[in-house]
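K.L.:
One structure is given below, represented as structure tokens, and several questions about it will come after.
Bear in mind these aren't lab numbers, they're just calculated from the coordinates by the rules spelled out. Quick caveat: nothing in here was measured; it's all calculated off a predicted structure. Here the Cβ positions follow ideal geometry from the backbone for every residue, glycine too, while neighbour counts run over all protein chains shown.
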Amino acid sequence: MIKHRLIATLLVNNGVVVQTRKFKRTNMVGNAFTAVDFFNGWAVDEICVLEISNDRSHLPGFADIIDGLSRRCFVPLSVGGKIAGLDDVHRYIRAGADKVVVNTGASDNPALVGEIARAYGTQCVVVSIDARPDPAMPSGYRVVVDNARRDTDRDARDWAREAAGAGAGELLVNSVEHDGDKRGYDFTLLKAVSGAVAIPVIAMGGVGQWSDLVDGIRLGGADAAAAGNIFHYSEHSTKKAKEFMFAAGLPVRSSTFYKLTTRRRVRYNPFQGAAAARQA
């Protein structure tokens, strides 16, 4: 039986982990290394790290962060942030990413999805779909890009099908209206996407309680549940989330504690940029 995954997401803005609400930065949470050590400890199934700064100036420093995180990460590591071409993909893969997450770059240039799939395999390509309600769209949802600052003419369901056909191995689906507001996933959006494709769909955006993770899979049709904000302030949160999912009858991997002994290799000062990265 295929097991459902629990994915912890980290949003990095100018080198610092942040929380968001409706794609607007809210609280600074702190250090990505501390968060990854925590997620590693309770064996979350995957970790997804997304760079959401307003420009590309922080990308060299972000690659340094990924290099350090990958040395400490026991689980698959997905990385995204302003991927516009294969050079950006190479940068993240060399830094230690197992998968790359593409959003704006794929929407603007759908051929990029196939290019990545041919270079690294479909299992490496996660297409992120951010959408907001729009009754003018066939599915009722319009795709938005550039951290939800720019509308496209794409329908969410149609873009999901196109991305899957182009070579995407998974889709990461987030609702702008639900992001960070703790009312659960947008099940209507999830059902529209998951019912249209045969590849795995990852639910993201809006988790406020553990039952939302279960509902994303059962009501939304998602294959995996991702969350970020809720994990930053709940003790042993990924362990408790997994236990809740198991108690609800979902097939999930057990939550096993690991003690990390690897030293942190990279230190990065986001206020000084990539030049501040150095080996410990």
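K.L.:
What list of whole percents do you get for P(r) of region 102-256, with Cα-Cα distances grouped in 5 Å bins up to the one holding the largest distance?
P.N.:
2, 10, 19, 21, 20, 14, 10, 5, 1, 0
K.L.:
Scan around LEU10 for amide H atoms under 5 Å from its own, H built in the peptide plane at 1.01 Å from N, and keep only partners 5 or more places away or cross-chain.
P.N.:
For LEU10, whose amide H was placed from the backbone, the distant partners under 5 Å are CYS48, VAL49, LEU50.
K.L.:
Let me ask something else. Could you calculate the FRET efficiency of ASP151 with GLU115 from 1/(1 + (r/R0)^6), where r is the beta carbon distance between them and R0 is 25 Å, rounded to 0.05?
P.N.:
Working: r = 25 Å, r/R0 = 1.01.
So the FRET efficiency works out to roughly 0.50.
K.L.:
What's the percent breakdown of Cα-Cα distances in the chain across 10 Å bins, shortest bin first?
P.N.:
Going from the shortest bin to the longest, the percentages are 7, 31, 39, 20, 3, 0.
K.L.:
Quick one: which residues, 5+ away or cross-chain, put their amide H under 5 Å from the amide H of ASN147? H built at 1.01 Å from N.
P.N.:
none
K.L.:
Short version: ³J(HN,Hα) in whole Hz for each residue of region 4-13, in order, from phi by Karplus 6.51 cos²θ - 1.76 cosθ + 1.60 (θ = phi - 60°), x for Gly and Pro, what are they?
P.N.:
With the stated coefficients, region 4-13 comes to 7, 9, 10, 10, 8, 10, 10, 9, 10, 10 Hz.
K.L.:
If you count, for each residue, the other Cβ atoms within 10 Å and average over each peptide, how do 197-209, 12-24 line up from highest to lowest?
P.N.:
Working: 197-209: 22.2, 12-24: 18.7.
Ranking, from highest mean packing down: 197-209, 12-24.
K.L.:
Let me ask another. Less than 22 Å apart at the alpha-carbon level, and either on another chain or at least 8 residues along: which lysines does that give for LYS3?
P.N.:
LYS99, LYS191, LYS239, LYS240, LYS242
K.L.:
Would you mind classifying region 80-125 by shape? Square roots of the alpha carbon gyration tensor eigenvalues, ordered a ≥ b ≥ c; an a/c under 1.5 is rounded, otherwise it is prolate if a/b is larger than b/c and oblate if not.
P.N.:
Details: a/c = 1.78, a/b = 1.27, b/c = 1.41.
Oblate.
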